[in-house]
Amino acid sequence: MQTRSVVFRSDDLTLEGSLIVPDKPRAALLLCHGIPSGGPPDPDDEGYPGFARALAARGYAAMWFNFRGCRGAPGEFSMSGWCADTTGALDAMARAPGVEDLARVLVGSSAGGAAAIDVAAGRPDVTMVAALAAPSSLAATGDDERSFVQRLRNIGIIHDPAYPPDLDAWWADLIAGAPARSVELISPRPLLLVHGDADGIVPYHHAEGLFSRAGEPKELVRIPGGAHQLRRDPRALEALTDWLDRRLARQGIGQSGQIDPER
């Protein structure tokens, strides 16, 4: 198993990530994180490196990176910016030695899931998409324009006090990137939605809305009592890897519908 550093360009920004490659990888997964909580770090949380290692242990190459504005990465948050970052990371993964010929899968959490769906809609080289706790639209998560920008300032992914220069245009960009507008374009490629029914940040009805709009083949896995940070929930990891195993074994074949794993 090898871990490599990855550097790529997105617009005029230089972003960094890492790629972990097991022996004989079965597919290449691009992991797209969500908006950070803004709280103090949990010493028990291994973050996306830990998520990637867990997937690599199951035979999947996995790349993770920091979106613009996050964890020291340059830039300011916007929906189109995060989609550009996803595109840049996907291109970098596609060029990486040892994984360039593998099936490419986008795995996004929360806002990263929104970006993954939006990008995959226009990228036929993406084989499958999995979204964990993804909103149908970030504009529908309870804040108005000014409140949402202030929340992002408090979290630390908007830094420039003069940003955004045009709040209305920034908000329109957020709405335009809503996965509810693009999720139907994932079909006929497989789509997995995983969502906790106790998610207090992005309520479960967001997953139901995306599921109703998506074409086949699609699966919705409800995690009973599941909170927002599903990458730390073993049931979500099991749902993801089970779906990957089935879909990669027989692409286009398999179960569609809503699934409730055991508690």
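The values are calculated or read from the model by the stated rules, or taken from the named source; none is laboratory data. Not measured: the values here are computed from a predicted model. Glycine gets a Cβ as well: all are built from the backbone with ideal geometry, and neighbour counts include every protein chain shown. Ligands, DNA and RNA are excluded from the accessible area calculation, which covers all protein heavy atoms including side chains. Shrake-Rupley method; radii C 1.70, N 1.55, O 1.52, S 1.80 Å.
With θ taken as phi - 60° and the Karplus curve 6.51 cos²θ - 1.76 cosθ + 1.60 applied, the whole-hertz 3J(HN,Hα) list for the stretch 110-116 is 6, 4, x, x, 4, 5, 4 Hz, x standing for glycine and proline. Which whole number in µm²/s is D for the stretch 39-190 by Stokes-Einstein, with the Kirkwood Rh taken over Cα pairs at 4 °C and 1.567 mPa s? For the chosen part, D equals 79 µm²/s. The modelled label-to-label distance between Asp245 and Asp144, using points 7 Å beyond Cα along the C-beta direction, is 5.0 nm. If one puts a single equal scatterer on every Cα of the stretch 121-263 and applies the Debye formula without solvent, what log₁₀ I(q)/I(0) results at q = 0.18, 0.21 Å⁻¹? With no solvent term, the Cα-only Debye profile gives -1.05, -1.25. In the chain, the DSSP beta bridges split such that about 30 percent are antiparallel, to the nearest 5. Working note: Cα gyration tensor of the chain, eigenvalues times five, square-rooted, sorted largest first, giving semi-axes of 26, 22, 18 Å.
The Kirkwood radius of the stretch 156-221, taken over pairs of alpha-carbon atoms, gives through the Stokes-Einstein law at 25 °C and 0.890 mPa s a diffusion coefficient of 175 µm² s⁻¹. If I compute solvent accessible area with a 1.4 Å probe over the protein chains, what percent of it on the chain is carbon and sulfur? That fraction is 48 percent. If you take the Cα centroid of the stretch 151-194 and the Cα centroid of the stretch 224-247, the two points sit 23 Å apart. Each residue, Arg9 and Asp42, gets one label point 7 Å from its Cα in the Cβ direction; the gap between the two is 3.8 nm. With the convex hull constructed from alpha-carbon coordinates only, the stretch 1-120 shows a mean projected area of 7.1 nm² over all directions.
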